[in-house]
Structure formats: C-alpha cells, structure tokens
Amino acid sequence: PPPPITPPRRPRCSPGSSRPPPSPRHFLPRGRSNADWNSDVSSRESKSTDHSNSDDTSQATDRSQAPTPPAPNKNEIHNNGGDAQDNHPHPKGWRYSAEKQNIITCLKDPLSDVHLMTKEQIWRKYASNYDQKKTKNNLEYLLKQYQNKQGPFSSSSQGNSYTNTRADGNREGEANEEVEPWTTRKKKSRGWDLLYKLRLFPEKSGISDMTQEELWESSALFRCYPFQDFKKYDKKMEKLAQERSAIIEQRQLDFERDLATFPPSQRTNRDEPFWNRHIARMMLRKDVESGVADSMKPRQLWQTRSEYQDFTPSTFAKHVHQEKSKQRAAPYWQVKCKKICQKLREDQAEESKRDWIQRRAIEDIIQQWDRMKAS
C-alpha cells in the first residue's frame, strides 16, 4: 500500500501575529488531500459561528421581552440574611463583617427564625461566603454569648435607654445617650477604674462598711449599669483587688530589702550628682518647653542657674541636646503616647476617687447634723 499522506508543517507565527488554526494530529484517510481537509474545517467553523449568533440573538430577544424584576425590599434583605450581602468576605475578618451584625440583630429579635436553626443552617443562610469550619466555631461562641447575655447581648449594650433593677425589686429608669461596656479586652470603663481604686485601698475610702446597694447608689458611674450586673462586677473586683494588694505588698517588701542591702550612691564615678534624681532635670525641661533653651547656647544656659552648675558644662550640654531631641520626637513615639494616655487615665481615676470620698464625707456630716437636730 502507498504511504499515508500527512499535511505539511506550517511555519511558526511571530509573537505579535495571530496564530493560525492548528493542523490535524492524525493521519488523513486514503484518498483525502490537504485541500479537502481545509474545506471541511472551514465549513464546520462557519456552521458553528452561525449557530452561536442565532443563540445570542434569541437570548437577547428573550431578555428584552422578560419583565424587569422589582427592586429588593429592605425587609427581604434583612430576612434573607447573607444571601443579600456581598459575596466577598470583609477584609478585616469576621469580627467587623456585616454578616455577623446581621446574625446578632436576628438573635436579638425573639420572632426571628434563627432561633430554630442549627449552626450549619445559620452558616448556609447568613454567612455562606465564609469558611464553614471557622464560621461554625464563631457561631458557637456567639450563641454562647447569647445564652449567657454577654458581649453584644448584655444589658449594658442594649441601646440608648434601659431600666435598672434594684435589690428590693423596684425599678429605676435612667436614660443615657450611650453606656460604655464595663470592661472589654482592650478598654476599661470609668466605673471600673473608680471601683478598682476604692477596692484597692478600702481603709482609705471606707468602702468596707458599705453594702453593695449603697455602693451602687453612691456614684452615677455605677448606677448606669443594672444592679444585678454591678453585683457581679463588684464581686470580681473585690477578688482582683485582694490579689493586687498582696502583689503590691510583696514587691514593696522586696524593694525595701534590696534598698537596705544595696543603698544607692549619691555621686557618679565622675563625681557628679545623678541627673535623674536632681532638680536640674525638671528645670531644664521647663526651659526647653518655654523656648528659653533655644535662644542661647548650652553654656550660656548653664550659667543662668546655680543648679545647672552642679554639672560640668560638657555634661550639661549633652543633657540639653537630649532634652530637645526628646521633646521634638516624643509625639511620634508610640510607647510615649501610650504612657501619656495611661497617665491621663490614672489622673482621671484618682480625681473621681477624690470626688467620691469628698461627697461621702459631706453626706456623713449632713446625716450627723440631721441626727443632732432631731435629738
């Protein structure tokens, strides 16, 4: 038999040009030429093109004749949960997602069907665009918070106004614009700070002779929380204050023992006083803040105060440049900003403590005066 006829190999195309249709990988049957094969291929391509054009035309006609769907209602979006949300997860994760907020809103609604669903059903309806395993764990934690009335379901975060329950069963309503949570992972409330200061030093504040109801009524920072919740907060705070007091006492004893064993020296190796314990340190800080240090050289500034002259001019000049650099760069130091915020918070808590003690003292004086008048 004659050898089979194979089509000629086509030249390769350059990178910029379009590639021609590929040649057949099989052998042509006997009696068929390359021209016959090319004509068959072109006819099949033209038929497929005509068929696809007709399909596109029919689909466009159907779409034009179909009625326009109505705009979705807000209630439908809320009820459909995650089906109406964006399919892409939140870039910051589940914690800040709209799906989580939607589930929390449905859990707060006693008539929602989410209470009849399993975790898998909740995931499929409300958060199907998130990983199933991780979302189930998050849902389990969220349902646990709902059962224990914690986190977003606690009574202190239910809205702008709420009703406080007293120990005797009476209810006292107080409408506030917003009540901050008692404590979170990153922030403590002002009520927490005040109660911590009072419980840490009970002999100075006189809190040991007060009942929980009297303590709750003593400050507006306590009354903004329900009394039943405040009793739990006070019980935990009392335990925490006892632990912190024991730690503070032990550290104070260790410090006094080390101080007696290794007394600090009064002069450095260069026969100069220590800068961190000298009054010149605070004076130089005030001179740099007021701009006096910028109007003269370090040696001229050294001659203005007798406290500066306890150090040599070279040592004092180093401290001047160090203080200037510190005050210029302090606003950009993250650690320094945190220390400043912590200091402001401690000052605010200390001021609240002083106001609370003064108010208690005034109330005691008024009560004694009333008893004297009655007798």
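Under the condition of being in contact with an Asp or Glu (Cβ under 9 Å, 6 or more places away or on another chain) and assigned to a helix (DSSP H, G or I), the residues counted in region 180-193 number 3.
So if I check each of 260, 241, which one is surrounded by 11 or more Cβ atoms within 10 Å (Cβ to Cβ), part of a helix (DSSP H, G or I) and small (Gly, Ala, Ser)? Spell out the reasoning first.
On the way: 260 fails: surrounded by 11 or more Cβ atoms within 10 Å (Cβ to Cβ).
It is 241.
Residue-wise test of (1) aliphatic (A, V, I, L, M); (2) at pLDDT 85 or above.
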position: 88; (1), (2): no, no
position: 94; (1), (2): no, no
position: 101; (1), (2): no, yes
position: 104; (1), (2): yes, yes
position: 124; (1), (2): no, yes
position: 127; (1), (2): yes, yes
position: 132; (1), (2): no, no
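For residues that are touching a helix residue (DSSP H, G or I) at 6+ places or on another chain (Cβ under 7 Å) and open to solvent by 40 Å² or more (accessible area, probe 1.4 Å), tally how many sit in region 303-317. Matching residues across region 303-317 total 5. When the residues of region 204-235 are filtered to those that are out of contact with any Lys or Arg (no Cβ under 8 Å at 6 or more places or on another chain) and outside any helix (DSSP H, G or I), the one that is surrounded by the most Cβ atoms within 10 Å (Cβ to Cβ) is 225.
Could you run through region 349-365 and say how many residues are among the β-branched types (Val, Ile, Thr) and either touching a residue at least 40 places away in the same chain (Cβ under 8 Å) or surrounded by 12 or more Cβ atoms within 10 Å (Cβ to Cβ) (or both)?
1
Evaluated against (1) within 38 Å of the chain's Cα centre (by Cα); (2) among the acidic types (Asp, Glu); (3) more than 30 Å from residue 193 (Cβ to Cβ), residue 271 falls short on exactly one condition, (1). Whenever a residue of region 260-286 is touching a residue at least 24 places away in the same chain (Cβ under 8 Å), its partners that are of a type in the set (Lys, Arg), lying with C-beta atoms within less than 7 angstrom and at least six residues away or across chains, give the pairs 273/267; 275/281; 283/305. Applying the criterion of being open to solvent by 50 Å² or more (accessible area, probe 1.4 Å) and either touching a residue at least 60 places away in the same chain (Cβ under 8 Å) or closer than 24 Å to residue 154 by Cα (or both) to the residues of region 182-203, the residue that is farthest from the chain's Cα centre (by Cα) is 190.
Taking the listed residues 368, 322, the one that is closer than 30 Å to residue 191 by Cβ and either open to solvent by 60 Å² or more (accessible area, probe 1.4 Å) or in contact (Cβ under 8 Å) with a residue 24 or more places away in the chain (or both) is 368, with no other qualifying. Do we have any residue at all in region 336-343 that's outside any helix (DSSP H, G or I), of a type outside the set (A, V, I, L, M) and open to solvent by 60 Å² or more (accessible area, probe 1.4 Å)? No, region 336-343 contains no residue that is outside any helix (DSSP H, G or I), of a type outside the set (A, V, I, L, M) and open to solvent by 60 Å² or more (accessible area, probe 1.4 Å). In region 329-348, the residues that are farther than 22 Å from residue 189 by Cα form Cβ pairs under 6 Å with partners that are of a type in the set (Lys, Arg) and surrounded by 10 or more Cβ atoms within 10 Å (Cβ to Cβ), at six or more places apart or across chains, as follows: 330/336.
The values are calculated or read from the model by the stated rules, or taken from the named source; none is laboratory data. Just so it is clear, the model here is predicted, and its values are computed rather than measured. Because the Cβ atoms are built from the backbone with ideal geometry, glycine has one as well, and the counts that use them run over all protein chains shown. Ligands, DNA and RNA are stripped out before the accessible areas are found, and what is left, the full protein with its side chains, is counted by its heavy atoms. Shrake-Rupley method; radii C 1.70, N 1.55, O 1.52, S 1.80 Å.
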